[in-house]
Amino acid sequence: MSTINIKRVKTSEIELKDRLVSIQRVAKVTKGGRTFSFSAIVVVGDEQGVVGYGLGKAKEVTEAIAKGVDDAKKNLVKVPVLNGTVPHEQIGKFSGGFVLIKPAAVGTGVIAGGAMRAVLESAGIHNVLAKSKGSSNPHNVVKATVDALTKMRDAYTVAQHRGVDLNKVFNG
């Protein structure tokens, strides 16, 4: 298996928008009764190829979302976006979640489920066909989608990696 370079991005120079993917109320049963807290999955992105996800847990919903946003800003990655779509078909996997992402023609829109849609729109991908297979757990789907996006490489990166001219990548 080949190694993949994941480009980390500095948050100071970009404007990030956050999207709440999922919020869960969880209960801890104690001797004195149930103690409720909240778990929030948040996706942030600049809609120009930078995306990240985070998980926040707290006693209050707003605190959980704020913690999730802070965590997401620490996990930003750069993904290739060509003409508003992805460069090639890719499969992503995390635990039981499998996702398939395919490029689409202009005007198609984002054909994807809830958790995947948030990640793809935050990354700035406007035309894509996507399918979630396996687990529908939002944690797994978000992580599998980010996995698929980080595996993507555009033609320029492939040419640079191989040490050949850009035309040779397409012509063989």
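Some notes on this structure:
- Residue match in the stretch 29-39 (condition: farther than 21 Å from ALA112 by Cβ, out of contact with any strand residue (DSSP E or B) (no Cβ under 6 Å at 6 or more places or on another chain) and among the β-branched types (Val, Ile, Thr)): yes
- For the residues VAL61, VAL86, VAL9, VAL42, the requirement of being in contact with a strand residue (DSSP E or B) (Cβ under 7 Å, 6 or more places away or on another chain), at pLDDT below 95 and not assigned by TED's automatic domain parsing to the domain that holds LYS131 singles out VAL9.
- Selection within the stretch 75-109 - without any contact (Cβ under 8 Å) to a residue 24 or more places away in the chain and hydrophobic (A, V, I, L, M, F, W, C): ALA105, VAL106
- Test: residue in the stretch 57-74 that is more than 10 Å from the chain's Cα centre (by Cα), assigned to a helix (DSSP H, G or I) and of a type in the set (Ser, Thr, Tyr): yes
Per-residue answers, yes or no, for (1) part of a helix (DSSP H, G or I); (2) of a type outside the set (A, V, I, L, M):
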residue: ILE101; (1), (2): no, no
residue: ALA105; (1), (2): no, no
residue: VAL158; (1), (2): yes, no
residue: LYS168; (1), (2): yes, yes
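The values are calculated or read from the model by the stated rules, or taken from the named source; none is laboratory data. Every value quoted in this text rests on a predicted model; they were computed, and no experiment measured them. Here Cβ is always computed from backbone atoms with ideal geometry, including for glycine, and neighbour counts include all displayed protein chains.
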